[in-house]
1. With θ set to phi - 60°, apply the Karplus curve 6.51 cos²θ - 1.76 cosθ + 1.60 along the stretch 122-130 and write out the HN-Hα couplings as whole Hz, x wherever there is a Gly or Pro.
2. Sort the following peptides by mean Cβ neighbour count (other Cβ atoms within 10 Å, averaged over residues), highest first: 17-28, 153-164.
3. Calculate for the chain the 222 nm mean residue ellipticity that helices alone would give, adding -39,500 (n - 2.57) per DSSP H run of length 4 or more and normalising by residue count, nearest 500 deg cm²/dmol.
4. Report, by chain and number, residues whose modeled amide H sits under 5 Å from the one on residue 216, excluding near sequence neighbours (fewer than 5 apart, same chain).
5. Taking each pair of distinct Cα atoms in the chain once, what is the resulting Kirkwood hydrodynamic radius in Å?
6. Please find the FRET efficiency linking residue 99 to residue 22, where r is the Cβ-Cβ separation and R0 is fixed at 30 Å, and quote it to the nearest 0.05.
7. What are the ³J(HN,Hα) couplings of the stretch 309-315, residue after residue, when phi is run through the Karplus curve with 6.51, -1.76, 1.60 and θ = phi - 60°? Round to Hz, x for glycine and proline.
8. Provide the per-residue ³J(HN,Hα) series for the stretch 239-252, in order, calculated from phi with Karplus coefficients 6.51, -1.76, 1.60 and θ = phi - 60°, each as a whole number of Hz, with x at glycine and proline positions.
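Read-outs: derived from the displayed coordinates by stated rules, not from any lab. Keep in mind that what you see is a predicted model, and the values were worked out from it rather than measured. Here the Cβ positions follow ideal geometry from the backbone for every residue, glycine too, while neighbour counts run over all protein chains shown.
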Amino acid sequence: MAISRQISSGRLPHIEPMLATAGSMLTDTNWWAEVKWDGARCLVYREGAEVRLVGRRGTDFTSRFPEVAEALAGIPDPLLLDGELVVIRDGRPSFHGLQSRVHRSRPASVRAGVSAAPAVLVVFDLLHTDQSLFAVPYEERRGLLENLNLDRPRVRVPPAWTSVAEAFAWTRDHWLEGVIAKRAGSPYRAGARSRDWVKHKHLQVADVVIGGWVPGGRSGNSVRAVLVGVPEDEGGQLLFVGAVGTGFADAERRGLGSALHRLAAPRSPFAGVSGGLGMPADAEVRFVVPRLRAEVRFLELTPAGRLRQPVWRGLRD
């Protein structure tokens, strides 16, 4: 257990949160499942008159999310909770809405953020009351958490499923990020990335056209990333949707680099790109004739029309 210090009167241990591993779909009955929220991990320390919200890397979120801290002031103590801060837009968690909040620290900026993008704390684990619950099995901790009746305007205890497949289907139908499957009898392993928690994401597939690339490798002839777009009109120009740099095999990077080198073009095929291509200042961008089509997996489209977390699948025939 990763315990670094005590807070307040010393009853509640300061910990690092337990983390999930990526894995395949689980079908046996020894697993529960929860929504995988697209939020910021948050541990809640409620003790006496104190409420503290602490991020995964120790960032103090208390003053950055005052609406959540105020909502938690009325719950029983002592409590140590695990959850996520999320911003809901159009009925779904908004990653960009949350990002507009997490870096605000000046009081006036925080107040503006609360007004524009109020946050909700979704609580999914109970770790400490007047005694430690780390060794208590997950399904028992879950029952204790639900019995606390924590739901209020800025705090939610979302449902959990005893069927991972049902949870996966429900989150897919509701356009959520995915699920976290948790072994029913598992303890809470603070600070550990454990196979007792397994994450499954929903990914979409896009048909894109390569309009440029960034060379990599010692010779500069292999692909570090490709710049992709979707056809804007019949004139051949592309609407830029992002850069893809993961998912390639080494041989694929070299072979694709050779093919793109032969399609070199003097100018960008991307139409009306505002704010640039989002590449590092030292990146060497090479444009190509937009002939090669490819498939990429991605999580969602950002408000700016970019692919979020794109992963290369391969060239189309």
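1. The phi angles translate into 9, 9, 10, 7, 10, 10, 7, 10, 7 Hz.
2. The densest-packed peptide leads the list: 153-164, 17-28.
3. -5000 deg cm²/dmol
4. Under 5 Å from the amide H of residue 216 lie the amide H atoms of 221, 222, 223, 224, each far enough along the sequence or on another chain.
5. On the way: mean 1/r = 0.0455 Å⁻¹.
This gives a value of 22.0 Å.
6. 0.85
7. Using θ = phi - 60°, the values come out as 6, x, 10, 5, 10, x, 6 Hz.
8. 8, 5, 10, x, 10, 10, x, 10, x, 8, 7, 4, 5, 5
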